[in-house]
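Student: Structure below; questions to follow.
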Amino acid sequence: MHIPCNGINIGLDNSSGDIPFLSHAHSDHTSGLKSQPKILTTLETRDLADINAALANIDGTAMLDAGHMLGARQLAIEGDGERVVYTGDISLKANIFGWKAELPQCDHLIMEATYGDPTYIFPPLEEIYSQINRWVSENDTSNLIIGSYELGKTQELIRVLNESSVAPIVTEKAENFCKIYEKYGVKLDRVVIGTNEAEEAMSRRFVAIVPMRKAKKYFAARLEKAFERQTLCAVATGWALHYRFNTDAAFALSDHADFDDLVYYIEQSEAKDVEFFCGDGSKVLAATKGVLLNI
Ligand SMILES: [Zn+2]
């Protein structure tokens, strides 16, 4: 999908136009963009996505906060008397870093609908953060592994655990992203696997953040045998609200807008028309129908 702006076709998280806009560094948005000579994005996203392209500046465009993760932005495009907004991935509620999406007004809205189902309404983030820290302190003689996506969610989780004075063990891949977070002023207290510090930390009870695929009971059982200490596993993902994982605990920690947020976003945008990418937005649209018909 691309949108024209002052004679330039801007690709929306893809390479179909003249210059791409990259909303954030998650890999489902960066494919095909690594070889582009010029890209419209933030410094943070360019670093996290490991892209060398020059940063583009396009008249008539503005990047707006998206929440979601470090460097994430929405794109507003002014042209032909119309304002178009492309949300990329957004989260409306301020996360532990205080990041949240701006709520712009526009004529045409192109928005994500990852959680476009009315059953996906998340508890307040503070509640989820407390659940995680409660689980960690209630099981303080067990080793704990928590599965989460290595970019974005893991850094949020590290900060959550830091609030309970826990410095979790992280993978090298997650560490590469942590270093970039720190480059932009986000302090994260963690221990990197394979270092002397990690070896020392793992001689006592530890908390580790692992890739989602490792947060399984069989992996916890292997660690339990290796370290001779009870080991429990959990996941931190929005899907945990309804989906059952093969873990001891599951926390519905999401960095996306939930159903109510999507409805609210559309209503306040006063958009004349809305289209969705990433998920089915038909139920969101139905919930806002009354508002849209009044325009
Ligand atoms: Zn994302």
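Any read-out appearing in this document is the output of simple, stated calculations on the displayed coordinates, not a laboratory observation. Worth saying up front: this structure is predicted, and the values here are computed from it rather than measured. As a convention, Cβ positions derive from the backbone with ideal geometry for all residues, glycine included, and neighbour counts pool all protein chains shown.
Student: Could you give the nm distance between label points at F227 and K283, where each point is 7 Å from its Cα heading toward the beta carbon?
Tutor: Reported label-point gap for F227 and K283 is 3.8 nm.
Student: Using 0.36 nm per residue, how much length does the chain from D18 to Y218 gain when fully extended, once their Cα-Cα distance is taken away?
Tutor: Full extension from D18 to Y218 adds 67.2 nm.
Student: Something else: So how compact is the chain: Cα radius of gyration and Dmax in angstrom?
Tutor: 20.5, 67
Student: Right, another one. Along the charge dipole of the chain, Cβ charges K/R +1 and D/E -1, which of N6, L223, L64 sits furthest on the positive end?
Tutor: Of the listed residues, the answer is L223.
Student: Sticking with this structure for a sec: For segment 1-114, what class follows from the C-alpha gyration tensor (a ≥ b ≥ c being the square roots of its eigenvalues): rounded when a/c is under 1.5, otherwise prolate if a/b is larger than b/c, else oblate?
Tutor: Oblate.
Student: With +1 assigned to the C-beta of every Lys and Arg and -1 to the C-beta of every Asp and Glu, and no other charges, what is the dipole magnitude of segment 125-251 about the Cα centre in debye, to the nearest 20?
Tutor: Numbers: 18 positive and 17 negative charges, 93 e Å.
Roughly 440 debye for segment 125-251.
Student: Quote the relative contact order of the chain in percent (integer), defining contacts as alpha-carbon pairs under 8 Å separated by 6+ residues.
Tutor: Numbers: 610 pairs, mean separation 52.7, N = 295.
Once divided by the residue count of the chain, the mean separation gives 18 percent.
Student: Less than 14 Å Cβ to Cβ from T171, Lys/Arg counted +1 and Asp/Glu -1: what total charge do the surrounding residues give? Numbers along the way, then the final one.
Tutor: Values: positive: K153, K173, K179, R190, R213, K214; negative: E150, E172, E175.
Net charge in that neighbourhood comes out at +3.
Student: Same structure, new question: Using unit Cβ charges (K, R positive; D, E negative) and no other charged atoms, how large, in debye to the nearest 20, is the dipole of the chain about its Cα centre?
Tutor: Charge dipole, the chain, about its Cα centre: 1060 debye, nearest 20.
Student: To the nearest 20 Debye, how big is the dipole of segment 1-48 about its Cα centre, given +1 on the beta carbon of each Lys and Arg and -1 on that of each Asp and Glu? List each step's numbers first, then the result.
Tutor: Details: 3 positive and 5 negative charges, 27 e Å.
Computed charge dipole of segment 1-48: roughly 140 debye.
Student: Would you mind ranking S15, S165 so that the residue whose beta carbon has the fewest other beta carbons within 10 Å leads the list?
Tutor: Taking fewest neighbouring Cβ atoms as first place, the list is S165, S15.
Student: How big is the convex hull of the Cα atoms of segment 125-251, per residue, in Å³? Mind showing how you got there, number by number?
Tutor: On the way: hull volume 12.8 nm³, N = 127.
Per-residue hull volume (Cα only) is 100 Å³.
Student: Rank Q155, S203, A49 by how far each Cα sits towards the positive end of the charge dipole of the chain (+1 on Lys, Arg Cβ; -1 on Asp, Glu Cβ) and give me just the farthest.
Tutor: Value: S203.
Student: Where does each of 192-200, 226-234 land if you order them by average Cβ count within 10 Å, highest first? Show your work: numbers first, answer last.
Tutor: On the way: 192-200: 13.3, 226-234: 17.3.
The most tightly packed comes first, giving 226-234, 192-200.
Student: Using only helices, what value at 222 nm comes out for the chain when you add -39,500 (n - 2.57) per DSSP H run of length 4 or more and divide by the total residues, to the nearest 500 deg cm²/dmol?
Tutor: -8500 deg cm²/dmol
Student: Which far-off residues, 5 or more places away or on another chain, put their amide H under 5 Å from the one on L64, with H placed in the peptide plane?
Tutor: Q74, L75, A76
Student: Putting +1 on Lys and Arg Cβ atoms and -1 on Asp and Glu Cβ atoms, find which of H242, S16, M111 reaches farthest to the positive end of the dipole of the chain.
Tutor: H242
Student: Of K93/K225; K173/K283; K173/K225; K179/K283, which ones are farther than 32 Å apart at the Cα?
Tutor: K93/K225; K173/K283; K179/K283
Student: Using a Gaussian network model on the chain with a 10 Å cutoff between Cα atoms, which of M111, M212, M69 fluctuates the most?
Tutor: Fluctuation is largest for M212.
Student: Can you tally the net charge around G81? Count Lys and Arg as +1, Asp and Glu as -1, for every other residue whose Cβ sits under 13 Å from the Cβ of G81.
Tutor: My count for the surroundings of G81 gives -2.
Student: Roughly how compact is segment 44-100, stated as its Cα Rg over 2.2 N^0.38 Å to two decimals?
Tutor: Output field value: 1.27.
Student: Once segment 222-276 is represented by equal point scatterers at the alpha-carbon sites, with solvent omitted, what log10 I(q)/I(0) does the Debye formula produce at q = 0.25, 0.30 Å⁻¹?
Tutor: Debye output, listed in q order: -0.95, -1.09.
Student: Defining a contact as two alpha carbons under 8 Å apart and six or more residues distant in sequence, what relative contact order in percent does segment 1-95 show? Could the numbers behind the result be given before it?
Tutor: On the way: 213 pairs, mean separation 20.7, N = 95.
Reported relative contact order: 22 percent.
Student: Cα atoms only, segment 17-82: Rg and Dmax in Å?
Tutor: According to the Cα coordinates of segment 17-82, Rg and Dmax are 11.6, 36 Å.
Student: Another question, then. Give, as a single signed number, the net charge of other residues whose beta carbon lies under 14 Å from the beta carbon of I193, with Lys and Arg counted +1 and Asp and Glu -1.
Tutor: Summing Lys/Arg as +1 and Asp/Glu as -1 gives -3.
Student: Taking the Cβ of each residue in W135, W99 as the centre, tally the other Cβ atoms inside 10 Å and list the residues starting with the fewest.
Tutor: Ordered by Cβ neighbours within 10 Å, fewest first: W135, W99.
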